[in-house]
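For reference, the structure is listed below as structure tokens.
The values are calculated or read from the model by the stated rules, or taken from the named source; none is laboratory data. Note that the coordinates shown come from a computational prediction; the quantities given were computed from them, not determined experimentally. FYI the Cβ positions are ideal-geometry reconstructions off the backbone, even for glycines, and counts take in every protein chain you see.
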Amino acid sequence: MFGIVGEIAGNVFIFALLAGVAAILAELLWYRLPGKEKNRGQKRIAIITGASSGLGREYARLISEKGKGIDEIWLVARRSERLKDVADSVSCKTRCLSADLTDESGLEKLYESLNQQNIRVGILINCAGFGKIGDYKAVSLNDKKGMIDLNCTAAVAVTDMCIPFMGKGDRIINVCSTAGFQPFQKLGIYAASKAFLLRYTRALRMELLPRRIMVTAVCPYWIGDTEFIPVAKTADNGIKRFPFASKASRVAGVSLAWSLPGLPVITPGIVCTIHRFFSKMFPDTVLQYIWEGIRRI
Ligand SMILES: NC(=O)c1ccc[n+]([C@@H]2O[C@H](COP(=O)([O-])OP(=O)(O)OC[C@H]3O[C@@H](n4cnc5c(N)ncnc54)[C@H](OP(=O)(O)O)[C@@H]3O)[C@@H](O)[C@H]2O)c1
């Protein structure tokens with residue numbers, strides 16, 4: 001009896017796996033099929049939000065070095081001095097847009113800039129984001145709202161305003177997190193905001209498939225050399241260590257390279273790849289108890 005059930009379950013698993021691989025290969029092929037492309041002599045730009053530090057800064061450096069066909073990089077974040085530093089450090093032409101993306105006026109600034117010029121958005125990277133560590137008491141409502149406003153609402157708003165300026169072969173990269181794969185106590189709102197972004201990204205990918213605009217979610221594990229962890233820390237001290245943290249340059253390099261063929265989800269590192277696999281195999285409750293142990297070490 002158990003033998004038959006096991007065999008059926010095994011066959012269903014293998015069939016589901018093969019169907020998934022076949023669907024992804026078909027999508028990657030679809031993006032590469034030749035098709036009519038209107039060229040209206042537009043300037044091809046890359047837009048990077050959260051470009052004043054960390055991962056966003058690395059994306060700017062890499063696109064400047066390797067971004068074929070990109071004429072200008074638009075750097076978006078709040079701190080104008082830091083944006084200027086990034087602009088000075090890259091060789092590609094840049095435009096700095098100092099804007100708070102949780103603010104209506106910040107979003108309007110980007111919208112107006114897009115509509116003023118004859119441009120095409122070749123790459124959009126929604127990288128601006130922040131998290132706060134701590135339980136429901138330790139994280140203020142203001143910070144909770146801020147995470148939802150920036151990690152979710154702003155990413156959707158910026159994407160919506162860029163899509164009309166995109167076409168076949170252009171790319172949207174949403175920087176999510178491995179935190180989006182399961183609920184994380186003491187990182188609750190941040191993890192939930194990244195789960196939202198991940199689901200939204202996957203849905204948008206299917207909606208934009210007919211237009212052959214590639215949409216990718218990047219889900220890194222901790223990155224140790226950005227401002228994220230210092231900003232995330234609160235008095236709660238709910239997460240003590242950040243072992244095996246990756247480097248921003250590696251995360252940016254791997255994710256930019258794998259977004260080129262149009263993969264749906266990229267886990268740029270071993271820890272996040274293992275976590276992604278386990279999140280598909282185990283119930284959330286089990287994963288949350290494993291996390292409870294890890295975060296107390
Ligand atoms: N570091 C990690 O462990 C880790 C792991 C997984 C995923 N991620 C994700 O990776 C992305 C980049 O993070 P990072 O590690 O590079 O951290 P970071 O160095 O703190 O960068 C965050 C960026 O977001 C910008 N930003 C913050 N609030 C903003 C606002 N209201 N409006 C516009 N821009 C704003 C910041 O610039 P200003 O302060 O100048 O506005 C900064 O450029 C985030 O989405 C984060 O959730 C990080």
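Quick notes on this one:
- Restricting segment 164-198 to residues that are touching a Leu at 6+ places or on another chain (Cβ under 7 Å) and in a helix (DSSP H, G or I), the residue that is surrounded by the fewest Cβ atoms within 10 Å (Cβ to Cβ): Phe165
- Within segment 32-79, the set of residues being of a type in the set (Lys, Arg), in contact (Cβ under 8 Å) with a residue 60 or more places away in the chain and within 9 Å of the ligand (Cβ to nearest atom) comprises just one member, Arg57.
- Against the criterion of being within 14 Å of the ligand (Cβ to nearest atom) and either of a type in the set (D, E, K, R) or touching a residue at least 24 places away in the same chain (Cβ under 8 Å) (or both), Thr94 does not qualify.
- Selection count, segment 248-279, where residues are touching a strand residue (DSSP E or B) at 6+ places or on another chain (Cβ under 7 Å) and part of a loop (DSSP other than H, G, I, E, B): 5
- Residue check for Leu208: within 19 Å of Ile266 (Cβ to Cβ) and within 14 Å of the ligand (Cβ to nearest atom): no
- Among the candidates Val158, Val121, residue that is within 20 Å of the chain's Cα centre (by Cα), more than 16 Å from the ligand (Cβ to nearest atom) and more than 19 Å from Pro230 (Cα to Cα): Val121
- Matching residues, segment 246-260, being buried (at least 20 other Cβ atoms within 10 Å of the Cβ) and more than 11 Å from the ligand (Cβ to nearest atom): Leu256, Ser259
- Selection from segment 80-96 of residues that are in contact with a strand residue (DSSP E or B) (Cβ under 7 Å, 6 or more places away or on another chain), over 16 Å from Lys66 (Cα atoms) and among the basic types (Lys, Arg): Lys84, Arg95
- With respect to being more than 15 Å from the ligand (Cβ to nearest atom), surrounded by 16 or more Cβ atoms within 10 Å (Cβ to Cβ) and either β-branched (Val, Ile, Thr) or at pLDDT 95 or above (or both), Gly146 falls outside the description.
- Scope segment 219-245; condition near the ligand (Cβ under 8 Å from one of its atoms) and under 26 Å from Arg171 (Cβ atoms); matching residues: Cys219, Pro220, Tyr221, Trp222, Ile223, Thr226, Glu227, Phe228
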